[in-house]
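Each reported figure results from applying straightforward, stated rules to the coordinates on display, with no laboratory input. Values in this document were obtained by computation on a predicted structure and should not be read as measured data. With ideal geometry, Cβ positions are generated from the backbone for all residues, glycine too; neighbour counts draw on all protein chains shown.
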Amino acid sequence: MHSLATLATAEGAAAAATGITAYAWLLVALPLLGAAVLLFGGRATDKWGPLLATGLSWAAFVVGFLVWLAMLGRGHDSRAASLHLFSWVPAGSFKVDAGMLVDQLSVTFVLLVTFVGSLIHVYSLGYMEHDPDKRRFFAYLNLFVASMLLLVLADSYLLLYVGWEGVGLASYLLIGFWNWNPAYATAANKAFVVNRVGDFGLSIAIMIMFVSFGRVDFAGVSQAAGHAHEGVLTAIGLMLLLGACGKSAQFPLQSWLGDAMAGPTPVSALIHAATMVTAGVYLVVRSSFIFDHAPSAQLAVVIVGAVTLLFGAIVGCAKDDIKKALAASTMSQIGYMMLAAGLGPVGYAFAIFHLLTHGFFKAGMFLGAGSVMHGMNDQVDMRRFGGLSGAMKITWATFGLGWLAILGVPPFSGFWSKDKIIEAAFVGEGWRPWVFGGAAMLGAGITAFYMSRLFFMTFHGKRRWSDDVHPHESPLTMTVPMMVLAVGSGLLGLVLSLGGMFTTWLEPVVGAHDENERAVLSVPAITVLTLLLIAAGVAMAWLRYWRDAVPQVQPVGSMLTRAARRDLYQDDVNEGVFMRPGVHLTRALVFADNRGVDGAVGGLAAMVGGTSSRLRRLQNGFARSYALTMLAGVVLIFGALWVIQ
Amino acid sequence: MTNLPWLTVVGLVPLVGAAVVALLPTGLTDRARHVALGFSLVTLVLGIAAALQFDSGSKSQFQLTERHQWIPQFGVSYALGVDGIALVMILMALVLTPVCILAAWHDVPEGGSREKNYFALMLALETFMVGVFAATDVFLFYVFFEAMLIPVYFLIGSFGGPRRQYAAVKFLLFSLAGGLVMLVGVIALYHYGPGGADGFLVSKLTGLHLGTTAERLMFVAFFFAFAVKAPMWPVHTWLPDAATEARPATAVLLVGVLDKVGTFGMIRFCLQLFPEASKWATPVVLLLAVISILYGALLAIGQTDLMRLIAYTSVSHFGFIVLGIFALTTTGGAGSTLYMLNHGFSTAALFLIGAMLVARRGSKRIPDFGGWQRVTPGLAGVFLLAGLSGLALPGLSSFVSEFLVLVGTFQRYKLPAIVATVGIVLAALYILLMYKRMMTGPRPELDAPVLDITLREKLVVAPLVAAFLVLGFYPKPALDLLNPAVSKTLQYVGVSDPAPTSAADGSTK
């Protein structure tokens, strides 16, 4: 069996890591150490634990930054490096080593995760200051960062799976952080179980890879995928998509994300907006060597993306809970990324680009929402906000930049990434560009409406506060991270677009796309149409939620509004189709096991030993008589054998 | 030192310990558990020393072998020896025994001879556990296989919960039924073998030409006994009763070690001695295994008794183990044997930590808990960790083995593997629902203050948690022991792994 290094070099993709890159394992080890110290150290670490966790997270960022610098120092096509760690699972014909793939894609994620993650650690120092379980919270945050970095740095699907489940665990623990509230505990369980349905897909995908290619590392699979049957690749692609749907809250496994807002707001910002939920997009882009040769699976990815982006946008229009509205928006934005990832080489880079800008502006807006809640006694109902722009100037300004970014207004970040996705969606022939491009464009209009609704309901219009709140700006530990993220929301898109910088950067990983592919509409037409739709969305929101008074009590609403409030009945469907039949099946089986199976086998046993009443009499000292019987039997048999011989 | 009969010594020390503990003079009665713990630790050290003599690159099937004539008239030898699988099982038993003794520290508060008997029985059981895995003579194996029942019967029947008599008798009857059927097979096998003074040796009985019908009948006789022991659906019903009525420490040794004799026997005897019949029976066995996986998981979801719930998760896990064994691939085999090890630790953690909670609450009923994360955060934390090991969370040891079983099965049998994979969703449900019902929610009103995890309890839990983490990230040492034994068994069966269908060389397009 070839070692990974030889194979990779043969491909010209990844050379063995040297210099600082050989220490890339520290990226995972540092935050993991933090989690271990805080969890096993117990109360002794209460005082300094949160600071240690924050420090280790920043340390990981520094390592990531140095790794990135080292990578910039290498030539455009020789930037990827592989790092062999140890022989992990050598079992029979299944051999997987633990190793890391440090390439442009993974380093992009490393920088995003450690930078935004560390900012959110800082923010949490303020936000969680008075929580008695603060130490546990920081331990989980560190655990999350370590797992997420393992996920993006792993060089095989099996090791990726460990990170994949690690972030799921961190998510579960943090959603249920305040699980004294039973609803929050249920939300945590829901997130984990729905993700397990996705894991079912990921598991099967890995199994098919092993059975087909004999390998489950990226280098081996990518090499073999070029020769494989399309059917095999389609099956792998669809199963990977199932996994991605679970993690990234894509239709039909989207139901957990709204409930996940039960977690503390910094968690919503980091895990359920900026990083973890985008792991599904990472998985699809990382598996480009599979999807590029499996057009049916690609189509499925695009459909899932398009459906989810509209689904999330519609739900987002009806939510009054600021966090749930943002969650719906996250779903929708990841739908954009998924759609782009499904388009193939024309979309991969933009999927990741949008993921990056979204990571900044959405995390910023979540932190802004946290800041609002902090000043409003943890109120989340936007019908009780209004006119906060005066009371919380920094929060208003930073949130405003995020709002402009997500709308896709030039020159803010979202414009550069989302507009490109819409353009890419219009590329192709036949019905597809019209349907998918149209969906993406329509989605932009709806996004403008619901995000403006959210922004106006919170910061503008009349004050609808309850009597006992006195909104105030948050402390610096919270506002500084918000400001940093706001700068990113404002400028990151523009900077990374200069000279196609970001797409060129990713090209060696995801491949170059054919410049000759034309969109069915001209690019200026797409941009103008999109901007018009966005303007219309903002105007509608302005009329209804700034100019007109917002009722403090939710109006009945149209049928569509009521459906959207209930997340388009996703929970009712899941409950009716899976949960209730499952409960009945379980109850029936428990009954049957006690009466039926046990009864039948017990009856048989009773026949062996005589009637059950006689059994009861035999109970005292039964073992002794049994031993005696056995002895007698053995003697008898030996006797018989002896006679025969 | 290499000439020392290591396995006999390792097996004999706990037996001596049992005698010492049972015969402790009255003045030292309250020292019984200390003495028992001491003997079990010495045994563990000896076991590790024995394992260091083991060479995983060796060509012969068994190492550390000993052989003496016992009843030459009937071909019975006192023959011991281990392959990698047996060695790993013995080491697991040696680790779990002191852990269980420490966990059982306050199990017999009344003290006196009852306490002495309790710990003596545990040590006696350890001897039989070593013997049953080390025996390389089919008859000797049978003797240990049956002898194990006696200490367990008394441990359940005399020291168990309110329905202990019922549970003990049920356990005994099931095992007895299985054992007697196997005995018929054992004797028949001897007759088909070469006979002679050492005719019961495994090595003499391997590779016989038995004739289709005879081989199948004997396979069924052995398999039935092992399926009851394992336990598989539908002969699993003794387990929940035994597990909930037994003391937690007994339940751990019962489910964690003794039941492994069933799956161990399937590999050592069913596959190795009856290869053709094993292949013949595979479809049915796979079906039963898949049913066990799903059935055990669904039943676990529906339980309200904590100990019964854990017992049903084991039914599900044993389904995985059997599935991997009968997939007849090196990957599946390695997965199953590693699973046997990991399951021992993860079930031990669930039972023992569960018992610590039960002792504090005074009830085994899950609805009687609620909000206990606020009462005993430390215990809640390790309980969750044990649960995550039970649901095979990637990063913990059980994931490696469960995934190997699934991928190894998928190599040959796609549908069973896919259906079995549904088990991972169900596992999340039974663990997380249990955790939610017991640990989350508002802090309960309690009459008296409750201690969080104590030092002794930390000592019980620490080795188990260490096993989850170390074997999750670095299972290689265990796999290096198991791989050669699995390959050897599959050689006896005469199967080799399917080649990748479209390998990197591109030959199949």
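Numbers at a glance
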| read-out | value |
| --- | --- |
| Within 10 Å of each Cβ in B:401-409, the average number of Cβ atoms from other chains | 5 |
| Region B:71-141 and region B:154-184: distance between their alpha carbon centers, rounded to Å | 17 |
| Sorted by Cβ density within 10 Å, fewest first, the residues A:Glu473, B:Glu115 | A:Glu473, B:Glu115 |
| Estimated vicinal HN-Hα couplings, Hz - region A:480-485 in sequence order (Karplus 6.51, -1.76, 1.60; Gly, Pro = x) | 4, x, 4, 5, 4, 5 |
| For region A:556-561, Karplus couplings with θ = phi - 60° (6.51, -1.76, 1.60), whole Hz, Gly/Pro x | 4, x, 6, 4, 5, 4 |
| Anisotropy class of region B:36-187 from Cα gyration tensor, a/c 1.5 cut | oblate |
| Cut-off under 5 Å, modelled amide H: who pairs with A:Trp180 long-range | B:Gly441 |
| Region B:316-392-region B:7-48 distance, computed between alpha-carbon centres (Å) | 28 |
| D (Stokes-Einstein, µm²/s), Kirkwood Cα radius, chain A, 1.306 mPa s at 10 °C | 60 |
| Hull-based mean projected area of chain B, where the convex hull spans the alpha carbons, in square nanometres | 24.5 |
| Region B:434-475-region A:426-504 distance, computed between alpha-carbon centres (Å) | 43 |
| Base-10 log of normalised Debye intensity for region B:278-497 (one unit scatterer per alpha-carbon) at q = 0.11, 0.12, 0.16 Å⁻¹ | -0.54, -0.63, -1.00 |
| Violating pairs (Cα-Cα greater than 31 angstrom) within the set B:Lys59/B:Lys458; B:Lys204/B:Lys229; A:Lys324/B:Lys458; B:Lys170/B:Lys204; A:Lys134/A:Lys323 | B:Lys59/B:Lys458; A:Lys324/B:Lys458; B:Lys170/B:Lys204 |
| Helix-only mean residue ellipticity at 222 nm for chain B, each DSSP H run of n ≥ 4 adding -39500 (n - 2.57), per residue, nearest 500 | -23000 deg cm²/dmol |
| Sequence-separation-based contact order of chain A, relative, with Cα cut under 8 Å and 6+ spacing, percent | 11 |
| Spherically averaged projected area of region A:1-152 from its Cα convex hull (nm²) | 10.0 |
| Pairs of Cα atoms farther than 42 Å apart, the protein assembly as shown, % | 44 |
| FRET efficiency, 1/(1 + (r/R0)^6) with R0 41 Å, evaluated for A:Asp133 and B:Leu41 via beta carbons | 0.65 |
| Taking B:Tyr492, B:Tyr142 and counting other C-beta atoms within 10 Å, the order from fewest to most | B:Tyr492, B:Tyr142 |
| Average beta-carbon neighbours from other chains, 10 Å sphere, peptide A:91-102 | 6 |
| Average Cα contact separation per residue, region B:278-497, under 8 Å, 6 or more apart, as relative contact order % | 29 |
| Rounded if a/c under 1.5, otherwise prolate or oblate - region B:400-472, Cα gyration tensor axes | oblate |
| Degrees, to the nearest 10: A:598-609 long Cα axis against longest axis of chain A | 10 |
| With Cα atoms, 0 to 90° folded angle of helix A:413-425 axis to chain A main axis | 70 |
| Estimated FRET transfer efficiency (A:Asp572, A:Trp180; beta-carbon r; R0 30 Å; 0.05) | 0.65 |
| Sum of -39500 (n - 2.57) over DSSP H runs of 4+, divided by residues of chain A (222 nm, nearest 500) | -22500 deg cm²/dmol |
| Translational diffusion of region B:343-433, µm² s⁻¹ [Kirkwood Rh, Cα pairs; Stokes-Einstein; 20 °C; 1.002 mPa s] | 148 |
| Percent antiparallel among DSSP beta bridges (both partners in the protein assembly as shown, rounded to 5) | 90 |
| Gyration tensor (alpha-carbon) shape descriptor, region A:41-121, a/c threshold 1.5 | oblate |
| Relative exposure of B:Ser363, A:Ser87, judged by other C-beta atoms within 10 Å (fewest first) | B:Ser363, A:Ser87 |
| Evaluated over region A:496-576, the Cα radius of gyration and Dmax, each in Å | 21.4, 54 |
